[in-house]
Structures are given as structure tokens and as C-alpha cells.
Amino acid sequence: MSQDQLADRIGLERRSIQRYESGEQDPRFTDLLLIATALEVPVTQLVDSRR
């Protein structure tokens, strides 16, 4: 899924997704929930540093 597709799906700007991916900004918990739901993965998969 592209950044544009993810942003559209969860109602955020593409730039927000870019900042999250680059580590420039940490996502709010509510955004993490939206991202996890859109990607169909558990939130722990997004925040677990061991992966």
C-alpha cells in the first residue's frame, strides 16, 4: 500500500505518513490504531522494536 493510499484510507495527510515512516515524528495513539486497522496488523507489530 502506498503512502497516498494509506493516508486516504485513514484520513491523514501523506506528509504525516512520511514523517511517521522516517521517524521525524511519532504518531498519536489514535493514528496508530487507524494505521494498524488499515494494514490489518496488530498495533504491537507497528511498535515492537524487536521486529
Derived scalar couplings ³J(HN,Hα) [region 17-29; Karplus, 6.51 cos²θ - 1.76 cosθ + 1.60; whole Hz; x for Gly, Pro]: 4, 4, 5, 5, 5, 7, x, 5, 8, 8, x, 5, 4
Per residue value of the accessible surface for the chain (all protein chains in place, 1.4 Å probe), Å²: 77
Carbon plus sulfur fraction of accessible area for the chain, probe 1.4 Å, in percent: 45
Net dipole in debye of the chain [+1 Lys, Arg Cβ; -1 Asp, Glu Cβ; about Cα centre; nearest 20]: 80
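The values are calculated or read from the model by the stated rules, or taken from the named source; none is laboratory data. Quick caveat, the model's predicted, so the values are computed rather than measured. Please note: Cβ atoms are built from the backbone with ideal geometry, for glycine as well, and neighbour counts cover all protein chains shown. Only protein heavy atoms, including side chains, enter the accessible area calculation; ligands, DNA and RNA are left aside. Shrake-Rupley method; radii C 1.70, N 1.55, O 1.52, S 1.80 Å.
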